[in-house]
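Below is one structure, written out as structure tokens; comments come after it.
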Amino acid sequence: MLRTFALGLIGGYAGRVHSLSKTSNLIHTLNRRQWHEKEFLIHMKEYLPAELSYVIDQYEILKRKLPIPWVVDGKQRLEITKRYYYNFMDGYVKENTVDRTWLELIPDFINLRQFGLVSAIYRSYNFDNYNNWSNWDKEALKFYLNNIEHDIPYIDIDFSR
């Protein structure tokens, strides 16, 4: 119950900050990088081996669609997401409004994270030492690659309702 209340407060604060930021030009002053300017995404082609060209292809498709707890059981992941999202948004909409178009894009932004993670793994992990990786790391990589290859959303939920 306390967690639900806290998420509503956090959502309210986030909504208020976002509302205030719409009247500010700080994003230009701060020189904040946009989502597509992330190093892992920019250099993904350099990090991934040729046999994972489908990851690049799927990333390009996802990128064109945008104007802008990890591998747990799908049902559990869905419940966690619903609880977090709806409680967060209850607070957020008290302070700000969100166009339905942006809500419909939330799954795409969540999927974008999978592309960045695959790129980060290929940049940072030693594949010559793959047998010594933890099962968690091996399963995470398999999970993300399978999702990308088969166009499976990380979380299948309608955020626009």
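Of the residues making up the range 43-80, those that are of a type in the set (Val, Ile, Thr) and either at pLDDT 85 or above or over 16 Å from the mean Cα position of the chain (by Cα) (or both) are Val55, Ile56. Counting only helices (runs of 4 or more DSSP H) wholly contained in the range 67-161, the ones carrying 3 or more residues that are open to solvent by 80 Å² or more (accessible area, probe 1.4 Å) and farther than 20 Å from Tyr54 by Cβ occupy 74-95, 100-124.
Among the candidates Arg113, Arg123, the residue that is under 29 Å from Ala14 (Cα atoms) and out of contact with any Pro (no Cβ under 7 Å at 6 or more places or on another chain) is uniquely Arg113.
Annotation note: Cβ proximity below 7 Å between a residue of the range 123-146 that is of a type in the set (Asp, Glu) and a residue that is open to solvent by less than 100 Å² (accessible area, probe 1.4 Å) (sequence gap 6+ or interchain) occurs for Glu139/Val71. Is the range 141-148 home to any residue that is out of contact with any His (no Cβ under 7 Å at 6 or more places or on another chain) and closer than 25 Å to Leu9 by Cβ? Checked against the condition, which is being out of contact with any His (no Cβ under 7 Å at 6 or more places or on another chain) and closer than 25 Å to Leu9 by Cβ, the range 141-148 yields no hits at all.
The values are calculated or read from the model by the stated rules, or taken from the named source; none is laboratory data. Quantities reported herein were computed from a predicted structural model and do not represent experimental measurements. FYI the Cβ positions are ideal-geometry reconstructions off the backbone, even for glycines, and counts take in every protein chain you see. For the accessible areas, the whole protein counts, side chains as well, though only heavy atoms, and no ligand, DNA or RNA atoms are used. Shrake-Rupley method; radii C 1.70, N 1.55, O 1.52, S 1.80 Å.
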